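Colleague: My structure is below; once you've seen it, I'll send some questions.
The values are calculated or read from the model by the stated rules, or taken from the named source; none is laboratory data. Source: prediction; values computed, not measured. Every residue, glycine among them, receives a Cβ derived from its backbone with ideal geometry; neighbour counts consider all protein chains shown. Protein only, heavy atoms only, side chains kept; ligands, DNA and RNA dropped before computing areas. Shrake-Rupley method; radii C 1.70, N 1.55, O 1.52, S 1.80 Å.
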Amino acid sequence: MPTPPHTILIVEDSDDDFLFFQRACRQLGMNLEVVRSRTADEARAYLDGLGAGAGWPVLILLDLNLPGTDGRTFLTEIKDSERLKSLPVVVYSTSSAPSDVQFCYANHVNAFHQKHLDFDMMKAELADILGYWTTRVRLPRSTS
Amino acid sequence: MQIPHHDAHVDLTTCDREPIHVPEHIQSHGVLLAVDPASMTVERISASVTALLGGSPGDWLGAPVADRLPASVWSAVEAAARDLEALSATPRHVYFGDLGQGRSFDVIAHVHEGRLLLEFDERPTGDDTWADPLRVTNDAIRVLGRAEDLPTLCDLLTQQVQKVLGYHRVMIYRFAHDWHGWVFAEARRPDLEPFLDLHYPASDIPVPARRLFLLNRVRMIPDVQYDAAVMQPPRPTGTVPLDMSYSFLRGVSPIHVEYLENMGVRATLTMGLQHRGQLWGMIACHHYDETRRLPYFMRTAAELITVAAEMRVAELLSREQATSRERTAKDLHVISQALAGHESMRDGMEACLDTLQELVGAGGFVVWLGEVALRAGEVPSDETVGEVVAVLRSRGCRDLFHTDHLAAHVPGAERWSAMAAGLLAIPVSHADDAWLLWFRPERRHSVSWAGEPSKPARLGPNGIRLTPRASFEQWIEEVRERSEPWSTVHLEASEGLRTALSDVLYRERERLTALNEQLAQRNEELDGFSAMASHDLREPLRAIANYARFLREDAGEALSEADLTNLDAIDRLVRRMYALIEGLLMFSRLGRTPLELEPVDLGDLVADVLSDLDTTIQEEGAVVEVTTPLPTVTSWRLGLEEILANLIGNAIKYSNGAPRVEVGMVPPGQRPEGMPASDDMLVLFVRDHGIGIDPRHLHTVFRIFHRLWPDGRYGKSTGIGLSIVRKIVERLGGQVHVESAVGEGSTFYFSLAPR
């Protein structure tokens, strides 16, 4: 009996990057319900609009450099929110700056990953991330 | 009769205490009467009375003056004695005329210590060779009026005095602040040895003599070989001796007589020149081989000339000081202009080095900026200057320091006395260890003497003692290792300069601070810019790479060989650009990342780096050897790792055949030029035996994005590794350096503070 697909919220402004993500997921045969927000505000509105039970993502995949509200600000807002802070947030960014890494962990990010140049490596990385968060870990009950 | 003291043992050191104002005898060319002004009776009289006025001393002693003198003289004396106050310490001419036996006398009276002193000065009859004193005085004063400076005035003065009074030698003897003196001007009979510029110790004209010249301006000794006319009756023990301070007939100190005789001088006339209540100098007249006696009116003429000269001396001295101040102000102006016209204080001073030296009349000048930065004139070795600065520093010298005897302050400085006996120093900035130092030579090297030093000194009856030459030698001995003292004007000038320099320094520091701030801001902007640029450049690159790949994946069947080659090219170029951007990002990050200092065992660190490079080492068959023990330092681990990884990586990369690489530390004695020699710093090296670097390119290897070889020849390069190395080393306070020979290999050095 097929399990219902996991919901992933991806905050990504670049259509190209989102396309690569989708292509990688397709090639990896991941059974995912992907919700994409182009901006942090859009993502926040989506999360705020969720009621009890349905549609809660198991993971937020967050790009750091976003137009408007920055990914860093978004992270702090989630982790400051009593309602949202137990949602796992994984940063997925081209940035590898030690200061960014330091900042994100200091603000309770669940993991920090760098986007690879090489598509194969990117695919492998995404397989790890998504596989881990959708199958390996035990998550709290959906936020209500 | 002999001078009573003549045989006594004479000790020169007693001169300052010798009671020369109470000799108890007078020179025998006149008569001295000490009179009780109340009774107007004779209390004491010189033995010369018998020969000149007649009657034995016994006839005079106790007798009323009125009984002993002709009525005309008595009435003149009595008239003068009515106002004793006016005569107090002020000799006045009261009478001239025949006192019988056809002999004419000038009578001079003054009151001192309660006694009326009458002096009888015979005017030789038929002596009409003297010119009209008023006319000669008038002429002389007119001539003196022409002088525009002190040396000229004094030259004219000696000439005029010689012309009017006829002495063989006339000198202006000038006193210095320490009361030593020197012959400042001289007119002499041509055959006489010159004394001009001879210096004499202060003891030559001792305190009592100087005091008497202030009280009694004119002093004449008509015949050094005079017979002393002793005062009668002899002074009973315990009574006050007769004070002859104001007497022109006063007997001469035996030491002075000996001195004059040693010079062959037979007669003298000396006049004190006063300035602001002090003895400034003397007009000293010497006559040789024959006696010379000026009548009273000529002595008065001489005194008038002296007074006129004093006025002009005062005027020219203040003019001299004003000129000196003007010159100083002008020099300071020149210096200020030079300083204002240059960016750095050092360059400014270099542009006016001579003026700086002349500002305080120094023989040599040094600008010290942590070391001897500039020098002018005669100065000691850099090492000695360093010792001098060290002493000043250790004294905590905050203000101007000056001495005319450097050897007393700096041990061993006497070796340099010839050029550096005196020092004037000002601290410009303690923070920058900046000092200005002026040196003056030892006086013996700065005084000139018109006489011939090689000519044997003339011997007096007591040997060379008490001769001008001996005096000069004695003075030279007294000022051994000493320079001419620094004058007030010069000290003021150096203070003025110090103020000017602190302004310059302040401006310099302000400008530097502003520049630094600007630079820091620019760097920040630049780092921010490259970080941002790198980041934003990476995203489209990734996209290009991915789309190229998708093209290959999705249309693989439809693509020709050429299409596939082109796709490979896109892929290759994207990767290359990605690597460049990574490097740039890394480079800019190095400037911003805070340094985290921790203990780093360099040996372990090299081992870590080698294990990271293991794959490459295996592939290339490289041998990397650590040739010296490596210490533990407190430093930035990541930075050091990056340095070593780059240098060792390069060493392996740029080799033909199996690379051999050595890593180690260089002890202070064996470091190459360009590396710090001090053991405060460590110097590490990475040496290869590879292809080496063309000397033409050595200076560009650390430049960012600069590559020496095309891709493929020695692997790939971004041209950023060595600039990263340099940036890290410089952030850690060190320097980089490379030595290389084509075909033999390269050695990269970098220095590192162990803490």
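Colleague: Limited to segment B:552-575, what total is found for residues that are within 12 Å of another protein chain (Cβ to nearest Cβ), surrounded by 14 or more Cβ atoms within 10 Å (Cβ to Cβ) and farther than 11 Å from A:Asp118 by Cα?
Modeller: Counting residues in segment B:552-575 that are within 12 Å of another protein chain (Cβ to nearest Cβ), surrounded by 14 or more Cβ atoms within 10 Å (Cβ to Cβ) and farther than 11 Å from A:Asp118 by Cα gives 1.
Colleague: Of the numbered conditions (1) modelled with pLDDT of 75 or more; (2) surrounded by fewer than 16 Cβ atoms within 10 Å (Cβ to Cβ); (3) within 54 Å of the chain's Cα centre (by Cα); (4) part of a loop (DSSP other than H, G, I, E, B), B:Arg696 satisfies every one except a single condition; which is it?
Modeller: (4)
Colleague: Quick one: in segment A:21-49, of everything that is assigned to a helix (DSSP H, G or I) and within 13 Å of the chain's Cα centre (by Cα), which residue is farthest from A:Asp80 (Cα to Cα)?
Modeller: Looking at residues that are assigned to a helix (DSSP H, G or I) and within 13 Å of the chain's Cα centre (by Cα), I get A:Phe21.
Colleague: Moving on. Just for segment A:50-69: of the residues that are away from chain B (no Cβ under 14 Å), of a type outside the set (Val, Ile, Thr) and more than 11 Å from the chain's Cα centre (by Cα), which one is farthest from A:Val34 (Cα to Cα)?
Modeller: Residue satisfying both the conditions and the ranking: A:Gly68.
Colleague: Moving on. If I filter segment A:70-81 for residues that are outside any loop (DSSP other than H, G, I, E, B) and within 14 Å of chain B (Cβ to nearest Cβ), do I get at least one hit?
Modeller: yes
Colleague: Across segment B:26-41, what is the number of residues that are open to solvent by 40 Å² or more (accessible area, probe 1.4 Å) and assigned to a strand (DSSP E or B)?
Modeller: Residues that pass the stated criteria total 1.
Colleague: So, in segment A:1-20, of the ones that are part of a helix (DSSP H, G or I) and free of Cβ contacts under 8 Å to residues at least 12 places away in the same chain, which residue ends up nearest to the other protein chains (Cβ to nearest Cβ)?
Modeller: A:Asp16
Colleague: If you don't mind, another one. Filter segment B:623-649 down to the residues that are touching an Asp or Glu at 6+ places or on another chain (Cβ under 8 Å) and part of a helix (DSSP H, G or I), then identify the one that is surrounded by the most Cβ atoms within 10 Å (Cβ to Cβ).
Modeller: Ranking the qualifying residues of segment B:623-649, first place goes to B:Ala645.
Colleague: Could you tell me whether B:Ala607 is without any contact (Cβ under 8 Å) to a residue 24 or more places away in the chain, away from chain A (no Cβ under 14 Å) and under 20 Å from B:Arg687 (Cβ atoms)?
Modeller: Criteria met by B:Ala607.
Colleague: I'm checking my understanding of the structure. Among residues of segment B:304-325 that are among the charged types (D, E, K, R) and modelled with pLDDT under 90, which one is nearest to B:Asp178 (Cα to Cα)?
Modeller: Checked segment B:304-325; the qualifying residue nearest to B:Asp178 (Cα to Cα) is B:Glu320.
Colleague: Here are the criteria: (1) at pLDDT below 80; (2) more than 10 Å from chain A (Cβ to nearest Cβ). Tell me which single one B:Ala514 does not satisfy.
Modeller: Failing condition for B:Ala514: (1).
Colleague: Let me ask something else about it. Can you tell me which residue within segment B:393-431, out of those that are within 15 Å of B:Leu501 (Cβ to Cβ) and in a loop (DSSP other than H, G, I, E, B), is modelled with the highest pLDDT?
Modeller: B:Leu400
Colleague: Looking only at segment B:42-63, which residues are outside any loop (DSSP other than H, G, I, E, B) and open to solvent by less than 50 Å² (accessible area, probe 1.4 Å)?
Modeller: B:Val42, B:Arg44, B:Ile45, B:Ser46, B:Val49, B:Leu52, B:Pro57, B:Trp60
Colleague: Can you tell me which residue among B:Ala351, B:Ala301 is open to solvent by 20 Å² or more (accessible area, probe 1.4 Å) and at pLDDT 90 or above?
Modeller: Selected residue: B:Ala351, the only one of B:Ala351, B:Ala301 that is open to solvent by 20 Å² or more (accessible area, probe 1.4 Å) and at pLDDT 90 or above.
Colleague: So which residues in segment B:512-530 are in contact (Cβ under 8 Å) with a residue 12 or more places away in the chain and closer than 17 Å to B:Met345 by Cβ, if there are any at all?
Modeller: Within segment B:512-530, no residue meets the criteria.
Colleague: Might you let me know whether segment A:101-112 holds any residue that is within 14 Å of chain B (Cβ to nearest Cβ), of a type outside the set (Ser, Thr, Tyr) and under 30 Å from B:Asp571 (Cβ atoms)?
Modeller: The answer is yes; a qualifying residue exists.
Colleague: Output the number of the condition that B:Thr306 fails; it satisfies all remaining conditions of (1) under 30 Å from B:His29 (Cα atoms); (2) open to solvent by less than 10 Å² (accessible area, probe 1.4 Å); (3) outside any helix (DSSP H, G or I).
Modeller: (3)
Colleague: Can I ask one more? Please work out which residue is most open to solvent (accessible area, probe 1.4 Å), limiting yourself to segment B:650-665 and to residues that are assigned to a helix (DSSP H, G or I) and over 15 Å from B:Tyr749 (Cα atoms).
Modeller: The selected residue is B:Lys653.
Colleague: Next question. Looking at segment A:113-132 only, could you name the residues that are at the interface with chain B (Cβ under 9 Å from one of its Cβ atoms), touching a residue at least 60 places away in the same chain (Cβ under 8 Å) and out of contact with any Lys or Arg (no Cβ under 8 Å at 6 or more places or on another chain)?
Modeller: none
Colleague: What are the residues in segment A:101-130 that are open to solvent by less than 20 Å² (accessible area, probe 1.4 Å) and either of a type in the set (D, E, K, R) or in a helix (DSSP H, G or I) (or both), if any?
Modeller: Answer for segment A:101-130, where residues must be open to solvent by less than 20 Å² (accessible area, probe 1.4 Å) and either of a type in the set (D, E, K, R) or in a helix (DSSP H, G or I) (or both): A:Cys104, A:Lys115, A:Phe119, A:Met122, A:Leu126, A:Ile129, A:Leu130.
Colleague: Just one of B:Glu508, B:Glu525 is crowded, with 16+ Cβ neighbours inside 10 Å, modelled with pLDDT under 80 and away from every other protein chain (no Cβ under 14 Å); which is it?
Modeller: Going through B:Glu508, B:Glu525 in turn, just one is crowded, with 16+ Cβ neighbours inside 10 Å, modelled with pLDDT under 80 and away from every other protein chain (no Cβ under 14 Å): B:Glu508.
Here's the yes/no breakdown for (1) within 16 Å of B:Met665 (Cβ to Cβ); (2) in contact with a Ser or Thr (Cβ under 8 Å, 6 or more places away or on another chain); (3) modelled with pLDDT under 90; (4) of a type in the set (Ser, Thr, Tyr):
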position	(1), (2), (3), (4)
B:Val574	no, no, yes, no
B:Phe587	no, yes, yes, no
B:Asp608	no, no, no, no
B:Leu640	yes, no, no, no
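Colleague: Any idea how many residues of segment B:541-598 are in a loop (DSSP other than H, G, I, E, B) and in contact (Cβ under 8 Å) with a residue 60 or more places away in the chain?
Modeller: 1
Colleague: Determine which member of the set B:Gly370, B:Gly348, B:Gly422, B:Gly363 is touching a residue at least 60 places away in the same chain (Cβ under 8 Å), among the small types (Gly, Ala, Ser) and in contact with a Pro (Cβ under 6 Å, 6 or more places away or on another chain).
Modeller: Residue meeting the stated conditions: B:Gly363.
Colleague: For segment B:666-693, which residues satisfy the criterion of being in contact (Cβ under 8 Å) with a residue 40 or more places away in the chain and open to solvent by 50 Å² or more (accessible area, probe 1.4 Å)?
Modeller: Passing the criteria: B:Asp680, B:Arg687, B:His689.
Colleague: Of all residues in segment A:4-56, which are open to solvent by 20 Å² or more (accessible area, probe 1.4 Å) and acidic (Asp, Glu)?
Modeller: Correct list: A:Asp13, A:Asp15, A:Asp16, A:Glu33, A:Asp41, A:Glu42, A:Asp48.
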